[in-house]
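Asker: Here you go, one structure.
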Amino acid sequence: MAEKILIVDDEDGIRFSLRGILEDEEYEVQDAQNGEEGLQIFSSSPPDLVFLDIWLPGMDGLEVLDAMRKASPDIPVVMISGHGNIETAVSAIKKGAFDFIEKPLSLEKVVITAAKALEFSKLRQENIELRARIDTSQTRQLTGRTKSIELLRGQIERVAPTDAWVLITGDNGTGKEIVARMIHGHSRRADKPMVAVNCAAIPEELIESELFGHEKGAFTGAESASAGKFELADKGTLFLDEIGDMSLKTQAKILRILQEQRFERVGGRKTLDVDVRVIAATNKDLAEEIKQGTFREDLYYRLKVFPLVVPPLRERSEDIPLLIDEFVSSYAQEQGFKPLEFDRKAMAMLSAYPWPGNVRELKNFVERMLIMYAGTKVAAADLPPEFYGPEPVAHQASLFEPYNPKSDVLPSDLKAARALFEARFLEAKLAECGGNISKLAETVGMERSSLYRKLKAYNIQTSE
């Protein structure tokens, strides 16, 4: 099916020339001699591309561009400009036009520009569809059948297509960032960036530069200008994680920018305008923080347009078997592990466990079991001791506790025995190195990143 192009120009000769050259390229062409007529065609028979003159009788080209962008922002618009209005054409680009071409028209440039604009539109649509598929996968990560999760999914579906700001609260590890990415992925901004900022991880002296950017020479070490997170998130979504850990000084600056959507870089004088949707998250009770004087009340109500609460895993224990099955299947597929099955008693013990680290802790546990466990079916006796509850369970030598040759059974096979020795060897060496992972990596001859993953898999606690 031929792609449709709309030409809006009050000059008969321009419309005739453009129609001829574009139809020769086998495009389906419509034309209008003023803005009102062009908008009528645009609405009734949406084109794939628009060529729009800046100077038109009645509504001028910029007004028409604004109306088209509001109606269908994904349809590219190429402005047609005379020699005297290049500055206006540049202004149109800032308003969202794809490109502009000057009069007298180069028909070769018209054809090239049309092909580029249509290809760009096609790639953007493919990107949106890809993001939608990715986000569908992310939706599945919010696994569960409990009422609280069903309610949360419904709230996400309602708020995502809007531009409403969202405040997500919940314990650490519950999946607040997954919720934020689901909202962004199902929003009208899905083809724009989502920029995440961990407010607790940025030193106080650097957070302004990180959020607002800085100019060259603004401070020692600022050897070049740098855009901040707000600039990078323009037209997209800014995710402010751990917002409750931000200082009062930074909160005041954030509030002003959120209200005005305008700011200056550190060391700069130029005011920059941005259009960002803000999603904030915290594991703190902000109402209590306000009482204690550590969080601004006006910022709280500015962020809390649409509040969402992610329930802790202990309140939806019936979802634990579903989550375990999902994680086992995902890791088995991605990393080539053998599928692992938990017997009824083991699953009951896992479901009864409070999981203080929530879904993140459960996910890490499943990955660790897939790495460490030699068999394919996990019994209650194979679980680490923290799952036993008040009644002890006879169990074999475990990777998760010291081996006692007088009371423990030997590992079931050579692979498990090697893993058991390696885990205890690394734990002992880590203690000798004073908990310093870099020193341990040098001692045992491993890359630091590989060693860190192995320590995590063996559930060896580190101070880093």
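Asker: Which percent, to the nearest 5, of DSSP beta bridges fully inside the chain are antiparallel?
Answerer: Taking every DSSP beta bridge with both residues in the chain, the antiparallel ones total about 10 percent.
Asker: Using only Cα atoms, find the angle between the long axis of helix 61-71 and the longest principal axis of the chain, and express it within 0 to 90 degrees, rounded to the nearest 10.
Answerer: So the helix axis and the longest Cα principal axis differ by about 40 degrees.
Asker: Let me ask another. In the structure shown, do any of Lys94/Lys270; Lys94/Lys304; Lys253/Lys304; Lys176/Lys229; Lys249/Lys291 have a Cα-Cα gap over 21 Å, and if so which?
Answerer: From the list (Lys94/Lys270; Lys94/Lys304; Lys253/Lys304; Lys176/Lys229; Lys249/Lys291), the Cα-Cα distance tops 21 Å for Lys94/Lys304.
Asker: Sort Ser226, Ser450 by Cβ crowding within 10 Å, fewest neighbours at the top.
Answerer: Placing the least packed residue first, the sequence is Ser450, Ser226.
Asker: With point charges of +1 on the Cβ of Lys and Arg and -1 on the Cβ of Asp and Glu, referenced to the Cα centre of the chain, which listed residue (Ser72, Gln292, Thr271) lies farthest in the positive direction of the dipole?
Answerer: Comparing the listed Cα positions along the dipole, Gln292 ranks first.
Asker: Over all directions, what mean area does the Cα convex hull of the chain project, stated in square nanometres?
Answerer: 30.5 nm²
Asker: What 222 nm value per residue comes from the helices of the chain, counting each DSSP H run with n ≥ 4 as -39,500 (n - 2.57) and dividing by all residues, nearest 500 deg cm²/dmol?
Answerer: Calculated mean residue ellipticity at 222 nm is -14500 deg cm²/dmol.
Asker: If one computes the Cα centroid of the range 143-158 and of the range 56-97, what distance in Å separates the two points?
Answerer: Here the two parts' Cα centres lie 42 Å apart.
Asker: Ranking request for peptides 23-31, 231-239, 179-187: highest mean number of other beta-carbon atoms within 10 Å first, then the rest in descending order.
Answerer: Ranked from most to least packed, the peptides come out as 179-187, 231-239, 23-31.
Asker: Further question on the same structure: Run down the aspartates and glutamates and flag those whose C-alpha is under 15 Å from the C-alpha of Lys103, throwing out any fewer than 8 positions away in its chain.
Answerer: Asp9, Asp10, Glu11, Asp12, Asp53, Glu87
Asker: Would you mind pulling out the separation of the Cα centroids of the range 304-381 and the range 255-280, in Å?
Answerer: 41 Å
Coordinate-derived values only; no laboratory data. Computed from a prediction, not measured in an experiment: that's the story for all the values here. As a convention, Cβ positions derive from the backbone with ideal geometry for all residues, glycine included, and neighbour counts pool all protein chains shown.
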